[in-house]
Amino acid sequence: MMDAAMYCHACGGQIPAGSAYCSHCGVAQGNAPRHHSGAFSALVALLLVFFFPLGLILMWTSTDWNTDVKWAISGLFFSPHLATRFASLAREK
């Protein structure tokens, strides 16, 4: 008998039954997806603004936010840093 396929709870991609991780997005496949309260999401958002490193780590490891949203938020924080760095390199030349 053939094993039934299962679907990733994060991206919806089809993966082999019993997989520990999704082969499409890499998210761990537990018994059920984690769901945090809205208060936890608000805490992570506040940490992103006031204590960026911890907020960024919690956003990537402990929220069930869409991966595209996580990348967009990460880009918003890193793009000014990169722009400043490239501008200072251009001035040195």
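The values are calculated or read from the model by the stated rules, or taken from the named source; none is laboratory data. Computed from a predicted model, the values in this text were never measured in an experiment. When we count neighbours, we look across all protein chains shown, and the Cβ atoms used for this are built from the backbone with ideal geometry, even at glycine.
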**Study point:** Within the stretch 53-93, tally of residues that are modelled with pLDDT of 85 or more, over 21 Å from His24 (Cβ atoms) and among the hydrophobic types (A, V, I, L, M, F, W, C)
**Key:** 6
Study note, to complete from the structure: Going through the stretch 61-79 in order, the residues found to be farther than 25 Å from Cys22 by Cβ and either in contact (Cβ under 8 Å) with a residue 24 or more places away in the chain or exposed (fewer than 10 other Cβ atoms within 10 Å of the Cβ) (or both) are Phe77
**Study point:** Restricting the stretch 11-32 to residues that are more than 18 Å from the chain's Cα centre (by Cα) and in contact (Cβ under 8 Å) with a residue 12 or more places away in the chain, the residue that is nearest to Asp68 (Cα to Cα)
**Key:** Ile15
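If I filter the stretch 54-69 for residues that are part of a helix (DSSP H, G or I) and over 15 Å from the mean Cα position of the chain (by Cα), do I get at least one hit? Let's see the steps before the verdict.
First, the residues of the stretch 54-69 that are part of a helix (DSSP H, G or I): 54-62, 67-69.
Then keep just the ones that are over 15 Å from the mean Cα position of the chain (by Cα); that gives none.
So far as the stretch 54-69 goes, no, none of its residues is part of a helix (DSSP H, G or I) and over 15 Å from the mean Cα position of the chain (by Cα).
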